Amino acid sequence: MDDHASIHPAPPESFVYLPTGSTLISNPMDLKGYSRCRIYVQANVAGSIDVTISGAPNENGMYTNELSVNAVKIGINGTTSYVMDDVSRFVKVTCANLTGKWTIWVVPIW
């Protein structure tokens, strides 16, 4: 009998970021070798937000904007999600023009 855990690895760790006026840049998020991720942006209180995903090869590296067309989203005004391909090992979320209250999840995917 096959070991169930070896057939179906544990789901990846996801990251939650709650941007505020004083925390517009998230802590580094280690995607642990996953080359894709889904970004979920949820409006908890109506408003608008700009979201930029930057990446680096190591936690203390120089973070630059990811190359994906989805790396920069401007004027998000409601709940949305999108997929980014070929992301760096470590990513940060940077927010700007923040009004309302938001929750952002970064979820590594296969």
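Elements of the type strands (runs of 3 or more DSSP E) sitting completely within the stretch 10-110 and holding at least 1 residues that are open to solvent by 60 Å² or more (accessible area, probe 1.4 Å), of a type in the set (Phe, Trp, Tyr) and touching a residue at least 60 places away in the same chain (Cβ under 8 Å): these cover 36-56, 90-109.
For (1) at pLDDT 95 or above; (2) over 18 Å from residue 110 (Cα atoms), each residue gets a yes or a no:
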| position | (1), (2) |
| --- | --- |
| 11 | no, no |
| 21 | no, yes |
| 29 | yes, no |
| 38 | yes, no |
| 41 | yes, yes |
| 49 | yes, yes |
| 53 | yes, yes |
| 56 | yes, yes |
| 62 | no, yes |
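The values are calculated or read from the model by the stated rules, or taken from the named source; none is laboratory data. Computed from a predicted model, the values in this text were never measured in an experiment. Quick reminder, even Gly has a Cβ in these numbers, built from the backbone with ideal geometry, and neighbours come from all protein chains shown. Heavy atoms of the whole protein, side chains included, go into the accessibility calculation; ligands, DNA and RNA do not. Shrake-Rupley method; radii C 1.70, N 1.55, O 1.52, S 1.80 Å.
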